[in-house]
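Where a number appears in this text, it was derived from the coordinates with a stated rule and is not lab data. Fair warning: this is a prediction, and the values are worked out from it, not measured in the lab. No Cβ is skipped: glycine too gets one built from the backbone with ideal geometry, and neighbour counts run over all protein chains shown.
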Amino acid sequence: MKLLFVADPLESFKPYKDSTFAMMREAAARGHTLMACTPQDLRWQRGEPVTGFVRDITLTGRTGADWFSAAQQAPDERPQPLKDVDAVLMRKDPPFDSEYFYATHLLSQAEREGARVFNRPSALREHPEKLAILEFPEHIGETLVTRDPADIRRFHAAHHDIILKPLDGMGGMGIFRVGPDGLNLGSIMETLNQGGATSVMVQKYLPEIADGDKRILLIGGVPVPYCLARIPQGSEIRGNLAAGGKGVARPLSDDDRRIAEALGPVLAARGLLLVGLDVIGSRLTEINVTSPTCFAEITEQTGFPVAKTFVDALEAAIASTCRGAA
């Protein structure tokens, strides 16, 4: 099969922990052909299909900066109609900004022309990673989304210990904790809320974060049996690996499995082949759909073949769409 990865520049990958690299390595081991481009390499023109200006890549077997070789170097990429590959994998990292949004529309046009895109572009647009949890209130903790600073103050008065976060953050960026004394709440609101111009998510602080912010992977709607608990270090409140958290793989708890099994079939039916649920204690905090990670950490610590499971599901999804088209 021919697989096109729409991702960040290949030179920015960290192969020793990159989940997209893990996908590529498993796919290459099965004999699949690999191509890559960035979202800015996508183009549509009237009378022509959506085209990616791609590099045909071969894996070298190394995990340093020389992890791949390419038949083309920028700016001499080869034009490739997306409808003529077997699958397009959208693996661009957040943030989900305007350019990401526009890229999903180009990918939706490619779908209309016959391309198979994973995760489905319309589902990427419909599931912003912070706000997607609002659909499942029975699984989340006390949560407020607002532009009104007075709402935030009332929420703090009711719950005393709260977390504030921007809706477009990633990797733990811009997350603040305010305790019962309310210290710096006004300044934090000014920073995040910008005088009512920007919406903020506010949640009751969950002390279970000390035991880890768990990443649960759903592949084809089915949970991987191990999560990665990202444990805050030192005085940090954030468990994100990008913020210095320590990743510890663990079997799913009963609560983890209950949440995963409730959401998995729903999200898979919407075209989300790969999802990363974030759970603290027994509460769902985020639904990650843009570029879920943690393949390498879970596999290295448990032996569970996450990338193999993903490529199995990808091949099955491609076969299913082929049968449907026939």
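Rounding to the nearest 10 and keeping the result within 0 to 90°, find how far the Cα-based axis of helix 98-112 lies from the longest principal axis of the chain.
Tilt of helix 98-112: around 40 degrees.
Can you give the angle from 0 to 90° between the axis of helix 254-269 and the longest principal axis of the chain, with both taken from C-alpha atoms, to the nearest 10?
For helix 254-269, the angle is close to 50 degrees.
Please give the Cα centre distance for the range 233-276 versus the range 121-155, rounded to the nearest Å.
17 Å
Give me log10 I(q)/I(0) at q = 0.12, 0.13, 0.14, 0.26 Å⁻¹ for the range 108-183, Debye formula, one equal scatterer per alpha-carbon, no solvent.
Here the Debye-derived log intensity ratios amount to -0.50, -0.56, -0.62, -1.30.
From Cα coordinates alone, what are the radius of gyration and Dmax values for the range 148-288 in angstrom?
16.1, 45
Can you tell me the alpha carbon radius of gyration of the range 142-205 divided by the globular rule-of-thumb value 2.2 N^0.38 Å?
Relative to the 2.2 N^0.38 Å estimate, the range 142-205 comes out at 0.97.
In bins 10 Å wide, starting from 0, what share of all Cα pairs of the range 200-240 does each bin hold, as a percent?
The distribution over the range 200-240 is 27, 40, 30, 4, given as percents.
Using the alpha-carbon centroid of each, what span in Å lies between the range 215-231 and the range 290-306?
Rounded to whole Å, the Cα centres lie 9 Å apart.
In deg cm²/dmol, rounded to 500, what helix-only [θ] at 222 nm does the chain give when every DSSP H run of at least 4 residues adds -39500 (n - 2.57) and the total is split over its residues?
-9000 deg cm²/dmol
Listed here are the pairs K92/K308; K83/K308; K17/K165; which of them are more than 23 Å apart at the Cα?
Correct reply: K83/K308; K17/K165.
Taking the dipole about the Cα centre of the chain, with the C-beta of Lys and Arg at +1 and of Asp and Glu at -1, give me whichever of F53, C322, H159 is farthest to the positive side.
The residue sitting farthest along the positive end of the dipole is C322.
If you wrap a convex hull around the C-alpha atoms of the range 208-321 and split its volume per residue, what is the figure in Å³?
It is 91 Å³ per residue.
Given bins 5 angstrom wide, list per bin the percent of all Cα-Cα distances in the range 2-121, short to long.
Reading upward from the zero bin: 2, 11, 24, 24, 20, 12, 4, 1, 0.
Please compute the contact order of the range 272-326 in relative form: average sequence separation of alpha-carbon pairs under 8 Å and at least six residues apart, divided by the residue count, as a percent.
24 percent
Explain nothing, just the number: dipole magnitude of the chain about its Cα centre with +1 on each Lys and Arg Cβ and -1 on each Asp and Glu Cβ, in debye rounded to the nearest 20.
380 debye
Please identify, among P79, P180, P232, the residue showing maximal mean-square fluctuation in a Gaussian network model of the chain using a 10 angstrom Cα cutoff.
P180
To test your reading of the geometry: what angle, between 0 and 90 degrees and rounded to tens, separates the Cα axis of helix 19-29 from the longest principal axis of the chain?
Between helix and principal axis, roughly 30 degrees.
Taking the Cβ of L107 as the centre, find all other residues whose Cβ is under 11 Å away and add up their charges (Lys, Arg: +1; Asp, Glu: -1).
Value of the local net charge: +3.
I'd like the Kirkwood hydrodynamic radius of the chain, using the inverse of the mean 1/r over distinct C-alpha pairs, in Å.
Result for the chain stands at 20.8 Å.
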